[in-house]
Amino acid sequence: MKALNIKFFICLFISHITFLGFSQEIIELLHTTQDDVIYEGDEKTYFSKNWNKPVVSNVSTPTLHIYRPSKEINNGTSVIIAPGGGFYALSIDSEGTDVAKWLNEKGITAFVLKYRLVPTKSNDATEEIKTSYDETKVKKVVPLSVEDGLTALNYVRTNAETLNINPNKIGFMGFSAGGTVTMGVTYNYNKNNKPNFIVPIYPWVSVLIKKETPQDAPPMFIACASNDGLALSNVDLYKDWINAGKIAELHMYAKGGHGFGMVKNNLPTDNWIQRFYEWTIAEKITEPVTTK
């Protein structure tokens, strides 16, 4: 792995994203390269018929997309959000922008992280997952994705004053593969890029090298469904935190499957994010929005 520069540098620019329908701030994160992970072509954004939702694939340059609450309700808490998609794609709305907008309504600043993915050449990476999924390729890119998560945390904390957030109330939330990134960050942070709380939602943890719970592990909120193949590994993750004497809350729903995100299925999983918000208030991570 070749470092581009040992000095932390971020390029901030404003862009209009036609696909999302509004202007937003986009942070391009400095990143390293790896000789055996080679990208061709640009990042792709499209609607996947396989997943019936918008996705992003072939991400070679990590970025943070900033979603700010109104100044009147901003409470200083922030969350970096890593969408899932098996490291081949990102479920960018239901596990990204929709989450960010919901959090904004609660006064929380959100950052949607597009972390690096497996290089794909087709116009639909979700089709490649069905026909030619390769876990060897995934394991090569996971360290890069985790690096992107750590760099994002470093950026947000370093620029907390400019972003109008509390540097001691920065969380990291990830879905499925984004949950892998969340736990990779948690097992590898230092004092500058440590999340103050973590929110792995149906995380895929088996692809990570197993590590001990950090001695100063942050509080953790997990949500998953019992009919998700990752359910038992999520329970084990919860037990790791409890056995280490750390703060953890687990919501294991009877139904919901994998990847429910912000999709409305008329099931209790529809309200997981409200349960998360209640947890942040109980743990004094954030403050409830009050209206005059």
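Can you confirm whether segment 178-201 contains a residue that is touching a His at 6+ places or on another chain (Cβ under 8 Å) and either touching a residue at least 12 places away in the same chain (Cβ under 8 Å) or closer than 21 Å to Ser57 by Cα (or both)?
Of all residues in segment 178-201, those touching a His at 6+ places or on another chain (Cβ under 8 Å) come to none.
No - not one qualifying residue is present in segment 178-201.
Against the condition assigned to a loop (DSSP other than H, G, I, E, B) and in contact with a strand residue (DSSP E or B) (Cβ under 9 Å, 6 or more places away or on another chain), how does His258 come out, does it pass? Quick ask: steps written out before the conclusion?
Details: assigned to a loop (DSSP other than H, G, I, E, B): yes; in contact with a strand residue (DSSP E or B) (Cβ under 9 Å, 6 or more places away or on another chain): yes.
When the stated conditions are applied, His258 passes them.
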- The one condition His65 fails out of (1) in contact (Cβ under 8 Å) with a residue 40 or more places away in the chain; (2) over 24 Å from Val156 (Cα atoms) is (2)
- Query: closer than 21 Å to Gly84 by Cβ, of a type in the set (Val, Ile, Thr) and in contact with a Gly (Cβ under 6 Å, 6 or more places away or on another chain) - does that describe any residue in segment 207-218?
  - Reply: no
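Residues to consider are Thr269, Thr290; find the one that is over 21 Å from Tyr88 (Cα atoms), at pLDDT below 95 and of a type outside the set (Gly, Ala, Ser).
Values: Thr269 fails: at pLDDT below 95.
None of the others qualify; the one that does is Thr290.
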- List the number of the failed condition for Asn227; all other conditions in (1) among the polar types (S, T, N, Q); (2) within 22 Å of Ser94 (Cβ to Cβ); (3) not in a loop (DSSP other than H, G, I, E, B) hold. (3)
- Item | Unique match (being at pLDDT 95 or above, touching a Pro at 6+ places or on another chain (Cβ under 9 Å) and closer than 24 Å to Trp272 by Cβ) among Gly86, Gly96 | Gly96
- Message: Can you pull out every residue in segment 234-257 that is farther than 19 Å from Gly184 by Cβ and of a type in the set (A, V, I, L, M)?
- Response: Val235, Ile242, Ile247, Leu250, Met252, Ala254
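Out of all the residues in segment 112-146, which are assigned to a loop (DSSP other than H, G, I, E, B) and surrounded by 21 or more Cβ atoms within 10 Å (Cβ to Cβ)? First the steps, then the outcome.
Step one: of segment 112-146, the residues assigned to a loop (DSSP other than H, G, I, E, B) are 115-124, 133-134.
Matches in segment 112-146: Tyr115, Arg116, Leu117, Val118, Thr120.
Here are some residues: Tyr238, Tyr155. Which one is open to solvent by 10 Å² or more (accessible area, probe 1.4 Å), in contact (Cβ under 8 Å) with a residue 60 or more places away in the chain and either part of a helix (DSSP H, G or I) or of a type outside the set (Gly, Ala, Ser) (or both)? If you could, list the steps in order and put the result at the bottom.
Numbers: Tyr238 fails: in contact (Cβ under 8 Å) with a residue 60 or more places away in the chain.
After applying the criteria, what remains is Tyr155.
Which one of Pro200, Pro214, Pro218 is in contact with a strand residue (DSSP E or B) (Cβ under 7 Å, 6 or more places away or on another chain), assigned to a loop (DSSP other than H, G, I, E, B) and surrounded by 14 or more Cβ atoms within 10 Å (Cβ to Cβ)? Spell out the reasoning first.
On the way: Pro200 fails: assigned to a loop (DSSP other than H, G, I, E, B); Pro214 fails: in contact with a strand residue (DSSP E or B) (Cβ under 7 Å, 6 or more places away or on another chain).
Sole residue among the options that is in contact with a strand residue (DSSP E or B) (Cβ under 7 Å, 6 or more places away or on another chain), assigned to a loop (DSSP other than H, G, I, E, B) and surrounded by 14 or more Cβ atoms within 10 Å (Cβ to Cβ): Pro218.
Anything in segment 114-171 that is basic (Lys, Arg) and within 29 Å of Gly41 (Cβ to Cβ)? List them, or say none. If you could, list the steps in order and put the result at the bottom.
Here is the first cut: in segment 114-171, the residues basic (Lys, Arg) are 114, 116, 121, 130, 137, 139-140, 157, 169.
Residues satisfying the conditions are Lys114, Arg116, Lys121, Lys130, Lys137, Lys139, Lys140.
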- Candidate set from segment 164-178 (those that are within 21 Å of Glu72 (Cα to Cα) and open to solvent by 10 Å² or more (accessible area, probe 1.4 Å)); member that is farthest from the chain's Cα centre (by Cα): Asn164
- Residue pairs within 8 Å by beta carbon, gap of at least six or interchain, first lying in segment 276-291 and assigned to a loop (DSSP other than H, G, I, E, B), second open to solvent by 80 Å² or more (accessible area, probe 1.4 Å) and acidic (Asp, Glu), listed first then second, are Val289/Glu105
- Search result, residues across segment 250-268 that are under 18 Å from the mean Cα position of the chain (by Cα) and either open to solvent by 60 Å² or more (accessible area, probe 1.4 Å) or β-branched (Val, Ile, Thr) (or both): His258, Val263
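Within segment 181-197, take every residue that is open to solvent by 10 Å² or more (accessible area, probe 1.4 Å) and aromatic (Phe, Trp, Tyr) and give me the one that is nearest to Asn154 (Cα to Cα).
Going residue by residue through segment 181-197, those that are open to solvent by 10 Å² or more (accessible area, probe 1.4 Å) are 187-194, 196.
When the remaining residues are screened for being aromatic (Phe, Trp, Tyr), the result is 187, 189.
Working: Tyr187: 15, Tyr189: 10 Å.
That would be Tyr189.
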- Within segment 221-235, of all residues that are open to solvent by 30 Å² or more (accessible area, probe 1.4 Å) and not hydroxyl-bearing (Ser, Thr, Tyr), the one nearest to the chain's Cα centre (by Cα) is Leu230
- Item | Filtered residues of segment 276-292 (kept if under 28 Å from Asn227 (Cβ atoms) and open to solvent by 70 Å² or more (accessible area, probe 1.4 Å)) | Glu278, Ala282
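The values are calculated or read from the model by the stated rules, or taken from the named source; none is laboratory data. All values reported here derive from a predicted model rather than from experimental measurement. Methodologically, a virtual Cβ is constructed for each residue, glycine included, from the backbone with ideal geometry; neighbour enumeration extends over all protein chains shown. The protein model used for the area step is the full one, side chains on, heavy atoms only, and it has no ligands, DNA or RNA in it. Shrake-Rupley method; radii C 1.70, N 1.55, O 1.52, S 1.80 Å.
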